[in-house]
């Protein structure tokens, strides 16, 4: 299988690259800019150039490279085709085939970035020791990745794990970015939590630490919650109720060993985890009620680890 492998996590601004030994240990990591001009035609050639340069610096031949894993900010079908990657300007692109051509035939596997990050967290992060997890990424939106028996669940159209767009409130009048109404993302993301807080503060309420904020953010809500602020507590309870119930429904379908919570909102730490776990246990089917909750631990490196894990199988 070779001696080394590369994990490449392509984002809209930068491409994070990890050089690994085939035992999974990280040798070095670096970043290059993502050139999205002209429908991103230069992205893969730029990555190939960077890998060739690294190989040249260290005297590594292509025969020593066991494979390259690539994470992408969009769906990846089971046949390796990326039907649409808006942030990169790609449409109907065979990333693996093109990258293999640029790298002289080195095997390449591609996957959705959220799914790949979940694979990384299962392998070396918050889900280590598990074989089936759901990763929940709470950031500007809500992302997800589902791993069952060590394999990514990508689905027929590459949309497996898009848990942020589960409908949790069919009566919601505000539209989600996806164009639908009442998605989980509208309640459990950083922007959703801030919206819930603004709605509470707009009505009559007792004095709150959040009244002092020029801009109410999810971080401000959890900071106030940790200081036992009443309004913040209401917001966190609503956030946890919605997310916990959504995860209880997911558990009925795939019964994971653990839910791994990541993304910027997860920096709130154990209080967030406890609130969601409590809500989940109240809503969960009895056979799934003891599912473990853990914080993601790899941060921005989850993607490159997951890309390497794709190579290793």
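If you take the residues of the range 45-81 that are over 22 Å from residue 2 (Cα atoms) and in contact (Cβ under 8 Å) with a residue 40 or more places away in the chain, which of them is surrounded by the fewest Cβ atoms within 10 Å (Cβ to Cβ)? Give the derivation first.
Filtering the range 45-81 down to residues over 22 Å from residue 2 (Cα atoms) leaves 45-46, 72-81.
Next cut, in contact (Cβ under 8 Å) with a residue 40 or more places away in the chain only: 45, 72-78.
Details: 45: 13, 72: 26, 73: 20, 74: 19, 75: 21, 76: 28, 77: 17, 78: 11.
Filtering the range 45-81 for residues that are over 22 Å from residue 2 (Cα atoms) and in contact (Cβ under 8 Å) with a residue 40 or more places away in the chain, the one surrounded by the fewest Cβ atoms within 10 Å (Cβ to Cβ) comes out as 78.
Check off (1) within 24 Å of residue 141 (Cβ to Cβ); (2) surrounded by fewer than 15 Cβ atoms within 10 Å (Cβ to Cβ) for residue 104 and give me the number that stays unchecked.
Of everything listed in (1) within 24 Å of residue 141 (Cβ to Cβ); (2) surrounded by fewer than 15 Cβ atoms within 10 Å (Cβ to Cβ), residue 104 misses just condition (1).
Regarding residue 27, is this residue assigned by TED's automatic domain parsing to the domain that holds residue 64, in a strand (DSSP E or B), within 17 Å of residue 95 (Cα to Cα) and modelled with pLDDT of 95 or more?
Values: assigned by TED's automatic domain parsing to the domain that holds residue 64: yes; in a strand (DSSP E or B): yes; within 17 Å of residue 95 (Cα to Cα): no; modelled with pLDDT of 95 or more: yes.
Here the answer is no, as residue 27 does not meet what is asked.
All but one of (1) touching a strand residue (DSSP E or B) at 6+ places or on another chain (Cβ under 9 Å); (2) outside any helix (DSSP H, G or I); (3) surrounded by fewer than 17 Cβ atoms within 10 Å (Cβ to Cβ); (4) at pLDDT 95 or above hold for residue 228, so report the exception by its number.
(1)
With respect to the numbered conditions (1) surrounded by 19 or more Cβ atoms within 10 Å (Cβ to Cβ); (2) under 21 Å from residue 116 (Cβ atoms), which one is the sole condition not fulfilled by residue 150?
(1)
Among the residues of the range 240-263, which ones are assigned to a loop (DSSP other than H, G, I, E, B) and on the phi < 0 side of the Ramachandran plot? Steps first, please.
As a first pass, look at the range 240-263 and keep what is assigned to a loop (DSSP other than H, G, I, E, B): 255-257, 263.
Across the range 240-263, the qualifying residues are 256, 257.
Within the range 94-115, work out how many residues are within 23 Å of residue 52 (Cβ to Cβ), assigned to a helix (DSSP H, G or I) and in contact (Cβ under 8 Å) with a residue 24 or more places away in the chain.
Total satisfying the criteria: 5.
Testing residue 266 on (1) in a helix (DSSP H, G or I); (2) within 19 Å of the chain's Cα centre (by Cα); (3) farther than 16 Å from residue 138 by Cβ, one condition comes back false. Which one is that?
Exception for residue 266: condition (3).
For residues that are within 22 Å of residue 132 (Cβ to Cβ) and touching a residue at least 12 places away in the same chain (Cβ under 8 Å), tally how many sit in the range 251-280.
Initially, the range 251-280 is screened for residues within 22 Å of residue 132 (Cβ to Cβ), giving 251-263, 266, 273, 276-277, 279-280.
Pick out the ones that are also touching a residue at least 12 places away in the same chain (Cβ under 8 Å) and you get 251-252, 254-263, 266, 273, 276-277, 279-280.
Going through the range 251-280 one residue at a time, the tally reaches 18.
Which one is surrounded by the most Cβ atoms within 10 Å (Cβ to Cβ), of the residues in the range 264-289 that are touching a helix residue (DSSP H, G or I) at 6+ places or on another chain (Cβ under 8 Å) and over 14 Å from residue 243 (Cα atoms)?
Residue satisfying both the conditions and the ranking: 268.
The values are calculated or read from the model by the stated rules, or taken from the named source; none is laboratory data. The shown structure was predicted, so the numbers you read here are calculated from the model rather than taken from an experiment. A quick note on method: Cβ atoms are made from the backbone with ideal geometry, for glycine too, and the neighbour counts reach across all protein chains shown.
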